[in-house]
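What follows is a single structure, and I will ask about it in a moment.
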């Protein structure tokens, strides 16, 4: 697989999962945009252009999975905070279940392949 | 106390972003741009500096404006996208098509065909059910004894078409929406807010 293809695959995978990662980050606390972006960018394996999170947040808001409010900040101007809606919680729980099954299935197949390669050497 | 207004590199970046998002709805564009601007300010505050190198690093991490704009215009992958507005409109228009017969029906049909919540088969069945129901009106009139001569058949068909067919189609399509067509991944194409398998 060429470099370009590998990166494209990663992009596809990421595109599907990153919105649920955002929802997951909001499960236990409300956060503002910059916080979310920083946490995501510090997560190994989730490298992406930080700016693309903002259109994502905008879409999650349009789809009523999150809502936002302004909170005063000591550090500067008011910040836009994001929090999960009930629909967002349902979506996250649903995805979490689906993801576990999917991830286990893919892992199992990948491990099999790995074993075969070992034996071949 | 935002520095982003003063710095030419940042201004250039934001202008590029605004241009790249020219085709997005203005509300969405402004929302995203103001969030990005706030991000830049916060990042510079965190870095404790706003010299050119720092600014360029922040913008580098944000990514090209074109990429952000493209993320703003593509709809999500939608494992669990909320459906509903188009489908709701289709169902309401069909159910109320008696108020404006034929036209209401036609609009309802267009909306149903435009939606991807129903399979082609469901759409055909739903709309055919409606048309069949249309025929029931003149039939009932003809078969009812002593109805004193039905009016022109065409009028009755129109009446049936307007008043009966829309709601019948809507009822069937609503049922299909709620009880779902299984999708390949095991979920169901159900209305918004229904969690799938």
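The values are calculated or read from the model by the stated rules, or taken from the named source; none is laboratory data. Fair warning: this is a prediction, and the values are worked out from it, not measured in the lab. Every residue, glycine as well, gets a Cβ built from its backbone with ideal geometry; the counts of neighbours run over all protein chains shown.
Listed here are the residues, each with its yes/no results for (1) facing chain B (nearest Cβ under 9 Å); (2) at pLDDT 90 or above; (3) within 26 Å of residue A:11 (Cβ to Cβ); (4) over 14 Å from the mean Cα position of the chain (by Cα).
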position	(1), (2), (3), (4)
A:31	no, yes, yes, yes
A:36	no, yes, yes, no
A:45	no, no, yes, no
A:50	yes, yes, yes, no
A:63	yes, yes, yes, yes
A:82	no, yes, yes, yes
A:91	yes, yes, yes, no
A:108	no, yes, yes, yes
A:118	no, no, no, yes
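State which residue is surrounded by the fewest Cβ atoms within 10 Å (Cβ to Cβ) when the search covers only segment B:57-72 and only residues that are more than 8 Å from chain A (Cβ to nearest Cβ) and either modelled with pLDDT under 85 or out of contact with any helix residue (DSSP H, G or I) (no Cβ under 7 Å at 6 or more places or on another chain) (or both).
Among residues in segment B:57-72 that are more than 8 Å from chain A (Cβ to nearest Cβ) and either modelled with pLDDT under 85 or out of contact with any helix residue (DSSP H, G or I) (no Cβ under 7 Å at 6 or more places or on another chain) (or both), the one surrounded by the fewest Cβ atoms within 10 Å (Cβ to Cβ) is B:60.
Would you check which residues across segment A:57-68 are surrounded by fewer than 20 Cβ atoms within 10 Å (Cβ to Cβ) and touching a helix residue (DSSP H, G or I) at 6+ places or on another chain (Cβ under 7 Å) and list them?
A:64, A:67, A:68, listed by residue number.
If you don't mind, there's one more thing I want to ask. Could you tell me which numbered condition residue A:97 fails, if it satisfies all but one of (1) more than 14 Å from residue A:25 (Cα to Cα); (2) in a helix (DSSP H, G or I); (3) more than 12 Å from the chain's Cα centre (by Cα); (4) facing chain B (nearest Cβ under 8 Å)?
Against the list (1) more than 14 Å from residue A:25 (Cα to Cα); (2) in a helix (DSSP H, G or I); (3) more than 12 Å from the chain's Cα centre (by Cα); (4) facing chain B (nearest Cβ under 8 Å), residue A:97 comes up short only on (4).
Right, next: Restricting the search to segment B:37-77, which residues are assigned to a loop (DSSP other than H, G, I, E, B) and farther than 22 Å from residue A:42 by Cβ? Show your work before the answer.
In the first step, residues of segment B:37-77 are kept if they are assigned to a loop (DSSP other than H, G, I, E, B); the result is B:48-51, B:63-64, B:74-77.
B:50, B:51, B:74, B:75, B:76, B:77 - these are the residues of segment B:37-77 that are assigned to a loop (DSSP other than H, G, I, E, B) and farther than 22 Å from residue A:42 by Cβ.
Filter segment B:14-36 down to the residues that are within 14 Å of residue A:51 (Cβ to Cβ), within 10 Å of another protein chain (Cβ to nearest Cβ) and part of a helix (DSSP H, G or I) and list them by number.
Within segment B:14-36, B:17, B:29, B:31, B:32, B:33, B:34, B:35, B:36 qualify.
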